[in-house]
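The values are calculated or read from the model by the stated rules, or taken from the named source; none is laboratory data. Computed from a predicted structure; not experimentally measured. Note: ideal-geometry Cβ built from the backbone for every residue, glycine included; neighbour counts use all protein chains shown. Accessible surface areas use protein heavy atoms only, side chains included; no ligands, DNA or RNA. Shrake-Rupley method; radii C 1.70, N 1.55, O 1.52, S 1.80 Å.
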Amino acid sequence: MYLGAGVDTSSPEVRTRIAAEIAGARGCLGGWAAARVYEEEVLRHLPDRAALHVFDGRVPWPEGVGQLEPLLLCLDPQAKLTASPGIEPLRSRLEPEDAVVVDGLRLTSPVRTAFDLARKRTLWGGVIAVDRLVHLGIVGLDEFQEYVGRHRGKHGVRQATKVAALANGRAESPPETVTRLLWLEAGLPQPEVNVEIFDAQGEFVARVDMLEPRTRVAVEYDGEHHASAAQRSRD
């Protein structure tokens, strides 16, 4: 396989196409690469301000510091594949409904993609992925939980079960998911996520990342765009 000298081989699109060529008809792209294709399909129909790319081919924050995440290649247990840098073969039998073709790429289905991310990533990384897929409407949370329940014998299903219990799909970014996981890890009550608050007259006051309704504690994760004085004043 040959690439032009100026091609960025760390680009998610380039890595995905290389893996697809390596796989041929023997397997399906899964993990973040499949999730990215589905994410892009949704983002294409959203305004620019909503175009947050979560599946970028890198180990997710806060556990990752920019390093590339291996690309998952789902293969039949008997398929032969020469080891390739940056590609992690996953030998696991796929049911017919677990594989789809999108833009000429053979991918694991959305729910199978969520399942593999949940069991192959770390716990937090898995919740970030499933929250994103559910939030964009790519996978239903009930659908994902049911799929996990039907695959009890699969490797890594214990962690996927934990992810299914923690994911809720209401977070709008990975930092919001991480904030919620930190909150729960501290033993605090289950919060409501992305809640609109109104005053006694029914007038809109604010939309908060998290709310603990009993104590009326609101929690916000402030990203970089909150740094300006004007934005802080509005906040």
Treating only the Cβ of Lys, Arg, Asp and Glu as charged (+1, +1, -1, -1), what charge dipole size does segment 63-161 show about its Cα centre? Round to the nearest 20 debye. 400 debye
Gap in Å between the Cα centre of segment 200-228 and the Cα centre of segment 11-47? 35 Å
Extension gain from GLU97 to ARG58, taking 0.36 nm per residue of separation minus the Cα-Cα distance: 11.3 nm
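If we sort 115-121, 141-147, 83-89, 224-230 on the protection proxy, mean other Cβ atoms within 10 Å, highest first, what's the order?
Descending packing order for the listed peptides: 115-121, 141-147, 83-89, 224-230.
Under the classification rounded if a/c is under 1.5, otherwise prolate if a/b is larger than b/c and oblate if not, where does segment 48-105 fall, given a ≥ b ≥ c as square roots of the Cα gyration tensor eigenvalues?
It comes out oblate by the Cα gyration axes.
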How much accessible area does GLU192 have with a 1.4 Å probe, in Å² rounded to the nearest 10? 90 Å²
If you roll a 1.4 angstrom probe over the protein chains with everything in place, what fraction of the accessible area of segment 120-230 belongs to carbon and sulfur, to the nearest %? 53 percent
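Once R0 is set to 30 Å, what does the formula 1/(1 + (r/R0)^6) return for the Cβ-Cβ distance between GLU172 and ALA83, expressed as a FRET efficiency to the nearest 0.05? Intermediate results must be reported in sequence, preceding the final value.
On the way: r = 38 Å, r/R0 = 1.27.
In this case the efficiency is close to 0.20.
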Starting from the residue with the highest accessible area, list LEU46, LEU182, LEU211, LEU29 in decreasing order, probe 1.4 Å. LEU182, LEU46, LEU211, LEU29
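What size of dipole, in debye to the nearest 20, comes out for segment 170-217 about its Cα centre when the only charges are +1 on Lys and Arg C-beta atoms and -1 on Asp and Glu C-beta atoms? Don't skip to the end; give the middle numbers.
Working: 5 positive and 9 negative charges, 29 e Å.
That gives a dipole near 140 debye.
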Charge dipole of the chain built from unit charges on the beta carbon (Lys, Arg +1; Asp, Glu -1), centred at mean Cα; most positive-end Cα among LEU81, LEU211, SER233 is LEU81
Quick one: order LYS80, LYS154 from most to least accessible surface, probe 1.4 Å. LYS80, LYS154
Cα Rg, Dmax (largest Cα-Cα span) when computed across segment 1-120, Å: 14.3, 45
What's the extension gain from LYS162 to GLU220 if we count 0.36 nm per residue and subtract their Cα-Cα distance? 18.4 nm
Counting only heavy atoms of the protein chains, get the accessible area per residue of the chain (1.4 Å probe) and round it to a whole Å² value. 55 Å²
Along the charge dipole of the chain, which of VAL42, LEU71, ALA186 sits closest to the positive end, that is, farthest toward it, with unit charges on the beta carbon of Lys, Arg, Asp and Glu (+1, +1, -1, -1)? LEU71
Compute the separation of the alpha-carbon centres of segment 144-165 and segment 88-131 and state it in Å as a whole number. 12 Å
About the Cα centre of segment 31-116, what is the dipole size in debye to 20, counting +1 per Lys and Arg Cβ and -1 per Asp and Glu Cβ, all else neutral? 180 debye
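Using a ≥ b ≥ c from the Cα gyration tensor of the chain (square roots of the eigenvalues), is it rounded, prolate or oblate, where a/c under 1.5 gives rounded and otherwise the larger of a/b and b/c decides, a/b for prolate? Kindly include the intermediate steps, with their values, before the conclusion.
Values: a/c = 2.32, a/b = 1.65, b/c = 1.41.
Taking the square roots of the gyration eigenvalues as a ≥ b ≥ c, the chain is prolate.
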Which of GLU63, GLU176, GLU203 fluctuates most in a GNM of the chain (C-alpha springs under 10 Å)? That residue is GLU203
